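Take a look at the structure below.
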Amino acid sequence: MLRFIGVRLVQMSLLFLVFLTLLFFLLQAQPGDFSRQFLDPNIPAENRDLIAARFGLDQPLWRQYLTYMGNILQGDLGVSFARYPRSVVSVISERLPRTFFLFTFATMLSYYLGFMLGKVLAWRRGGSQEMGITLGGVILYTVFYPWFALVMIWFFAAYLDLVPVNQFLTPIRWREAPFSANTVFASIIWSTLLLTVGLGLSLWASRKPDNLAQQRLIRWGGVGLSFALFLAFWLPSDRRTFATDIAHHAVLPIFTLALVAFAGVMLITRGSMLETLKEDYILTARAKGLAPKTIRDRHAARNALLPVTTSFVLGLAFIIGGGLITETVFSWPGMGELLLVSVQNQDIPVAIGSLAMVGALALIAHIVVDVLYVFLDPRIRYQ
Amino acid sequence: MTTPLVEDTSGLKSGQTLLEVDNLIMRYKTKQGYVSAVEDVSFVLHKGEALGLVGESGCGKTSIALSLLRLQADNGEIMGGSIKLGGKDLVPISEEEMRTHRWNDISMVFQGAMNSWNPVYRVGDQIKEALDLHWPTRLSRAEVRERIGELFALVGLPADAQDRYPHEFSGGMRQRAVIAMALSCNPQVIIADEPTTALDVIVQDQILKELKRIQDDLDMSIIYISHDIAVIAEVTDRMAVMYAGKMVEFGDTADIFSAPRHPYAWLLLSSTPSIVGPRRQLAPLEGEPPNLLDPPTGCRFNPRCPFATDQCRVEEPPLADIGGGHMVACWNYEDVPVGITAGGVA
Amino acid sequence: MALEQKPGDLQADPLVALEGAEDLPAIELTDPLWRIRLRLLWRNFKKNWGLFAENKIGLVGLFIIGVFALMAIAHPVLMATVWGGDNTEIYDPVIGYDAVVKEFIVVEVVTDPLSEIELIDARFTNINAQVGDIISQPQQPAPPSSKHLLGTDPLGRDVLSQLMFSTRAAFFLGMVAALVTVFIATTVGSMAAFFRGFVDSFLMRLADLILLMPLIPILIVIGGFWTIELWQLGVIIGVLNGFGGVAIVLRSQALAVSVKPFVDAARVAGGSKWHLIFRHVIPNVLPLSFLYMMFGVTEAISLEAVLSFFGLLNVDMSWGLMISVAQAEGYLLRGLDVWWLLFPAGMAVSVLAAAFFLVGRAMDEVVNPRLRQR
């Protein structure tokens, strides 16, 4: 088990190095080097060479490569052109939690809903309802996402006026704020993370005792306690109004991204469930006299979860791409928006830094899913 | 064993009627029409008896087994007849009520035990699931472990094997565990559908012996289903020969083996080598089973039957007693030679 | 059981599989080989078409693709006839311009925005305007009229003409991407499956790497650093897909094929490695390739729209660009009031992508017999 995770970690680190190398050559393949691109063409040649030498551009390629890799691995991503003299790392570290927040919530929501609906769809195969929902899923899955996001903004923000239009917060409210948006945002992230852990722990612990009453007590007690602590932290807090402002802005982007990602999960779950339902152990479960709901959830869905989990890795690029579009369309200041703006501004250090970070994010998510898979499938656990 | 593991809950004594199937008809609905998988099948199973169903694949053996538990595929429908368990008809009762009878009264050892285990749960937990559902009292975790340990001892598995996952078992162990699971709720009837088909010959023999011993020890009633005549010969008291969804011959296993009266049974036996008997020429069974969407008129075996007459092509023969409980559905059963196989004695 | 009759199992060599073909004319063995081959292919096609046609959703997808193809063909015809001649300047999708002029009554308080205009706004175009005057104002974007069936865009260009013109670009891109994908993936998959060993593990690790890489961010960076043309985007998508996910799927299919008895038979008969790959493995992997071609087209269409939406693609006119223009000019939040700016283009991308996806799904049921509902 530990060995498995270790091996995966090593593999992923290697993959990351390959990815960084590809990025380096992507940079090199640009027409001309920095000294040609960004300097006034009227500068005398010797001065230009001097500047190029200062930036190490006169070095042989392999040395430049080593410097580049060394710097990145030491966490030095350079200085932003557009936000000089801020370092790329500081720009990214401000943006990263916001992307993480959007991505995690949308992913969890879409997988939860997609799995629940997908398994019911497969269970009731053949009805007109099933056909309609599947068709709806296909439409959501193939919809032109930026357009869909724009329509969502128009409908929910402009037409119904339920949520604010775009942005991360309402600036006017924060004028007198005693703390920065990042501080409030950090407490949002930590509190929700702890809440999730609390909920998970109580569900896990509730399976331990032998009798039903105790199980129920632990489950609902734990859930109640987690929520109580969550509220106890926020209700008296003077950050509450500011936090709700951020949350209010986050609702629509999360919902939109989740909706589109959800469709893919639902279609995959449905297919995987249909396969599982043909298995012999489903017949065994029916012969045992189990209730249909138990068969569906405990036996079929539990096994159908495995391919769905695998598909997460394949869907990762999709969700990250979707997240990027979401951030841009909703002006949500995260990594995706940073990447696009830096590309448009030719802010190359930030562009490369963000891309490296997005790649790292994808790899980390991959490892998390791998470990999850090991827990879900005993056949792998004991190999 | 001091106390019998299976108490006689029904109050029936050995030899009493336990399961009575009457004129059972089960058909699958397809786009092209109805496929008659089980047609007018009747038989009686007594307490402590082993009954065999034999026939080619596709002849409706498994369909009968599934119909007894009302587990036929979604497009299958029981269109007539009755299945009386201890006098109670299982056909008209609701699905919810049927669930309380499954495993509790009739349990099953499935074809291909390899795949009858859910790969993500421990073997013990999967047996526990049945116990939680059907055991008259709620068992504590320790009691469940103890009970599964007893069952495992009965089928020759160590008690701690219940903590393992199915993929950690060998094929034979899995099959033993499947038998333990089938016994878990003290069912009155066990249906063993091709219990040994997927196993290698040595393990096959061990499992059959084990089943036979358990049956004798616990005075169980078992319905064996197999395409393998040798299996049926080894373990059953009485047997039925199935052809194209119909029962064509029924009687004591020994009687049928010594003197099959239906041409199909006769040809089937002739196509199987005998280890103990005299060396003989094997006769291949010509032709293929009929298309059940559109079965032949008259006797369903007539296109392949060497004894077929005009009557056979028009009129369906009833399953009639020819003496001593030996039943045959054939107009010309007297033409079937006794003592010689189709290939002749070599 | 008798129920398990499997029609059209594509696992079998299509040049050998003949089941279910009794109702077709018999083959004369004296015919030349190519004719026999052709007839067998035709039989297979008919059989598979029958299976495909059972799936109504797939037919709907095919119909939609047909409608779009007609639009693509109709555009140059219209430009040469109805929209041609003097009208070219009006209807050209890229450089056309038509200021639709509309008359408004100048009022104090607007009650009907379609025919009235507020004094302050009127004075922007006509400094002497008074309440009660009737003034003419050019409209950009203009709502649909008999002259412009889908109105004009914020730059005064005909939306319908843009929409139809962009269809060609979408098909072109989809075709390039799909063909490159299939060519590379089939080759890579067959090679990996056939040679195994080092070639296999190298190609598959490469595929893993590509799968993991977030495609859209990378394309955005590439689009930002270089000027990419439509065909280049098609090639990039094709290469990434061809070496990526599709290669993995096709490899496992090729692996299944290469251990089939007919391949062994050909090997024993003395067929060279290349002969085996090209005559036996690749033809049997192709049906699955065509399936992934459909999904590839879906992806290419969406990616093109995304990139031109961000203005990172060097393209004259495309659906993504149309939405991008509408958003950049600030017409987004007016929603249904300017529906012709947002909906035709957005729907076109979504519907065409969905159509290819649906055809792909229907083909999936033909190629993978286990998915069929019976």
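The values are calculated or read from the model by the stated rules, or taken from the named source; none is laboratory data. None of the values given here were measured: they were computed from a predicted structure. No Cβ is skipped: glycine too gets one built from the backbone with ideal geometry, and neighbour counts run over all protein chains shown. The protein model used for the area step is the full one, side chains on, heavy atoms only, and it has no ligands, DNA or RNA in it. Shrake-Rupley method; radii C 1.70, N 1.55, O 1.52, S 1.80 Å.
Considering every residue within segment B:92-100, establish whether at least one is open to solvent by less than 70 Å² (accessible area, probe 1.4 Å), more than 9 Å from chain A (Cβ to nearest Cβ) and in contact (Cβ under 8 Å) with a residue 40 or more places away in the chain.
no
Mind listing whichever residues of segment C:201-248 are within 7 Å of another protein chain (Cβ to nearest Cβ), open to solvent by less than 30 Å² (accessible area, probe 1.4 Å) and touching a residue at least 40 places away in the same chain (Cβ under 8 Å)?
Correct list: C:Ile216, C:Ile220, C:Gly224.
Run down B:Ala180, B:Ala233 and say which single residue is open to solvent by less than 10 Å² (accessible area, probe 1.4 Å), in a helix (DSSP H, G or I) and at pLDDT 85 or above.
Working: B:Ala233 fails: open to solvent by less than 10 Å² (accessible area, probe 1.4 Å).
Only one candidate passes the filter, namely B:Ala180.
Taking C:Gly197 as meeting all but one of (1) more than 14 Å from chain A (Cβ to nearest Cβ); (2) open to solvent by less than 30 Å² (accessible area, probe 1.4 Å); (3) out of contact with any Lys or Arg (no Cβ under 9 Å at 6 or more places or on another chain), write down the number of the exception.
(2)
Just checking, does segment B:72-79 include any residue being crowded, with 22+ Cβ neighbours inside 10 Å, assigned by TED's automatic domain parsing to the domain that holds B:Thr196 and more than 29 Å from B:Gly171 (Cα to Cα)? Explain how you work it out, then say what you get.
Of segment B:72-79, the ones crowded, with 22+ Cβ neighbours inside 10 Å are none.
Checked segment B:72-79: no residue is crowded, with 22+ Cβ neighbours inside 10 Å, assigned by TED's automatic domain parsing to the domain that holds B:Thr196 and more than 29 Å from B:Gly171 (Cα to Cα).
For segment A:180-218, what are the residues that are open to solvent by 30 Å² or more (accessible area, probe 1.4 Å) and within 14 Å of chain B (Cβ to nearest Cβ)?
Passing the criteria: A:Arg207, A:Lys208, A:Asp210, A:Asn211, A:Leu212, A:Ala213, A:Gln214, A:Gln215.
Just for helices (runs of 4 or more DSSP H) wholly inside segment C:261-370: which have at least 3 residues that are within 8 Å of chain A (Cβ to nearest Cβ), surrounded by 17 or more Cβ atoms within 10 Å (Cβ to Cβ) and in contact with a helix residue (DSSP H, G or I) (Cβ under 9 Å, 6 or more places away or on another chain)? Break it down into steps so the answer makes sense when it comes.
Details: elements: C:261-268, C:282-309, C:319-328, C:339-367.
By residue number, C:282-309, C:319-328, C:339-367.
Under 9 Å by Cβ, and 6 or more places apart or on different chains, what pairs join a residue from segment B:237-265 that is part of a strand (DSSP E or B) with one that is of a type in the set (S, T, N, Q) and open to solvent by 30 Å² or more (accessible area, probe 1.4 Å)?
Qualifying pairs under 9 Å: B:Met247/B:Ser42; B:Phe250/B:Ser42.
Hey, among C:Phe343, C:Phe278, C:Phe357, which residue is over 29 Å from C:Leu230 (Cα atoms) and hydrophobic (A, V, I, L, M, F, W, C)? Reasoning before the result, please.
Numbers: C:Phe343 fails: over 29 Å from C:Leu230 (Cα atoms); C:Phe357 fails: over 29 Å from C:Leu230 (Cα atoms).
The match here is C:Phe278.
Identify all residues within segment A:153-204 that are of a type in the set (Gly, Ala, Ser) and part of a helix (DSSP H, G or I); write none if there are none.
At the first step, the residues of segment A:153-204 found to be of a type in the set (Gly, Ala, Ser) are A:157-158, A:177, A:180-181, A:186-187, A:191, A:198, A:200, A:202.
A:Ala157, A:Ala158, A:Ala181, A:Ala186, A:Ser187, A:Ser191, A:Gly198, A:Gly200, A:Ser202 - these are the residues of segment A:153-204 that are of a type in the set (Gly, Ala, Ser) and part of a helix (DSSP H, G or I).
Residue by residue through segment A:239-294, note down the ones that are of a type in the set (A, V, I, L, M, F, W, C), within 14 Å of chain B (Cβ to nearest Cβ) and either part of a helix (DSSP H, G or I) or crowded, with 17+ Cβ neighbours inside 10 Å (or both). Lay out the reasoning, then the answer.
Step one: filter segment A:239-294 for residues of a type in the set (A, V, I, L, M, F, W, C), giving A:242-243, A:246-247, A:250-252, A:254-255, A:257-263, A:265-268, A:273-274, A:277, A:282-283, A:285, A:287, A:290-291.
Checking the rest, the ones that are also within 14 Å of chain B (Cβ to nearest Cβ) come to A:274, A:277, A:282-283, A:285, A:287, A:290-291.
Residues satisfying the conditions are A:Leu274, A:Leu277, A:Ile282, A:Leu283, A:Ala285, A:Ala287, A:Leu290.
Which one is surrounded by the most Cβ atoms within 10 Å (Cβ to Cβ), of the residues in segment C:128-178 that are under 21 Å from C:Asp316 (Cβ atoms) and among the basic types (Lys, Arg)?
Here the answer is C:Arg157.
For segment A:350-362, give me each residue that is of a type outside the set (Ser, Thr, Tyr) and surrounded by 19 or more Cβ atoms within 10 Å (Cβ to Cβ). If you could, list the steps in order and put the result at the bottom.
Step one: of segment A:350-362, the residues of a type outside the set (Ser, Thr, Tyr) are A:350-353, A:355-362.
If the condition is that a residue be of a type outside the set (Ser, Thr, Tyr) and surrounded by 19 or more Cβ atoms within 10 Å (Cβ to Cβ), then A:Val350, A:Ala351, A:Ile352, A:Gly353, A:Leu355, A:Met357, A:Val358, A:Gly359, A:Leu361, A:Ala362 are the ones that fit.
I'd like to verify a number: residues in segment B:301-336 that are part of a loop (DSSP other than H, G, I, E, B), in contact (Cβ under 8 Å) with a residue 60 or more places away in the chain and surrounded by 14 or more Cβ atoms within 10 Å (Cβ to Cβ), how many?
Filtering segment B:301-336 down to residues part of a loop (DSSP other than H, G, I, E, B) leaves B:301, B:305-309, B:315-319, B:322-326, B:329-332, B:336.
With in contact (Cβ under 8 Å) with a residue 60 or more places away in the chain added as a condition, the list becomes B:319, B:322, B:324-326, B:329-330, B:332, B:336.
Retained after the next criterion (residues that are surrounded by 14 or more Cβ atoms within 10 Å (Cβ to Cβ)): B:319, B:322, B:326, B:329-330, B:332, B:336.
Residues flagged as part of a loop (DSSP other than H, G, I, E, B), in contact (Cβ under 8 Å) with a residue 60 or more places away in the chain and surrounded by 14 or more Cβ atoms within 10 Å (Cβ to Cβ) within segment B:301-336 amount to 7.
Mind telling me which of the residues A:Val89, A:Val79, A:Val120 ends up being aliphatic (A, V, I, L, M), surrounded by fewer than 19 Cβ atoms within 10 Å (Cβ to Cβ) and touching a strand residue (DSSP E or B) at 6+ places or on another chain (Cβ under 7 Å)?
Values: A:Val89 fails: touching a strand residue (DSSP E or B) at 6+ places or on another chain (Cβ under 7 Å); A:Val120 fails: touching a strand residue (DSSP E or B) at 6+ places or on another chain (Cβ under 7 Å).
Testing whether each residue is aliphatic (A, V, I, L, M), surrounded by fewer than 19 Cβ atoms within 10 Å (Cβ to Cβ) and touching a strand residue (DSSP E or B) at 6+ places or on another chain (Cβ under 7 Å) leaves just A:Val79.
Out of segment C:138-189, which residues are among the hydrophobic types (A, V, I, L, M, F, W, C), part of a loop (DSSP other than H, G, I, E, B) and either closer than 29 Å to C:Phe356 by Cβ or out of contact with any Gly (no Cβ under 7 Å at 6 or more places or on another chain) (or both)?
Taking segment C:138-189 first, the residues among the hydrophobic types (A, V, I, L, M, F, W, C) are C:142, C:149-150, C:155, C:159-160, C:163-165, C:169-173, C:175-180, C:182-185, C:188.
Subsequent filtering for residues that are part of a loop (DSSP other than H, G, I, E, B) retains C:142, C:149-150, C:155.
Answer for segment C:138-189, where residues must be among the hydrophobic types (A, V, I, L, M, F, W, C), part of a loop (DSSP other than H, G, I, E, B) and either closer than 29 Å to C:Phe356 by Cβ or out of contact with any Gly (no Cβ under 7 Å at 6 or more places or on another chain) (or both): C:Leu149, C:Leu150, C:Leu155.
Give me a count of the residues in segment C:91-127 that are open to solvent by less than 80 Å² (accessible area, probe 1.4 Å) and either closer than 30 Å to C:Ala169 by Cβ or part of a loop (DSSP other than H, G, I, E, B) (or both).
Going through segment C:91-127 one residue at a time, the tally reaches 12.
Condition check: at the interface with another protein chain (Cβ under 10 Å from one of its Cβ atoms), at pLDDT below 80 and surrounded by fewer than 17 Cβ atoms within 10 Å (Cβ to Cβ). Does A:Gln383 satisfy that? Talk me through it step by step, then tell me what you get.
Values: at the interface with another protein chain (Cβ under 10 Å from one of its Cβ atoms): yes; at pLDDT below 80: yes; surrounded by fewer than 17 Cβ atoms within 10 Å (Cβ to Cβ): yes.
For A:Gln383, the condition - at the interface with another protein chain (Cβ under 10 Å from one of its Cβ atoms), at pLDDT below 80 and surrounded by fewer than 17 Cβ atoms within 10 Å (Cβ to Cβ) - is met.
Just give me the residues in segment A:299-338 being crowded, with 19+ Cβ neighbours inside 10 Å, at the interface with another protein chain (Cβ under 9 Å from one of its Cβ atoms) and over 23 Å from A:Leu259 (Cβ atoms), in sequence order.
Matches in segment A:299-338: A:His299, A:Asn303.
What number goes with the only condition from (1) open to solvent by 30 Å² or more (accessible area, probe 1.4 Å); (2) within 13 Å of chain A (Cβ to nearest Cβ); (3) part of a loop (DSSP other than H, G, I, E, B) that B:Thr62 does not pass?
With (1) open to solvent by 30 Å² or more (accessible area, probe 1.4 Å); (2) within 13 Å of chain A (Cβ to nearest Cβ); (3) part of a loop (DSSP other than H, G, I, E, B) applied to B:Thr62, the lone miss is (3).
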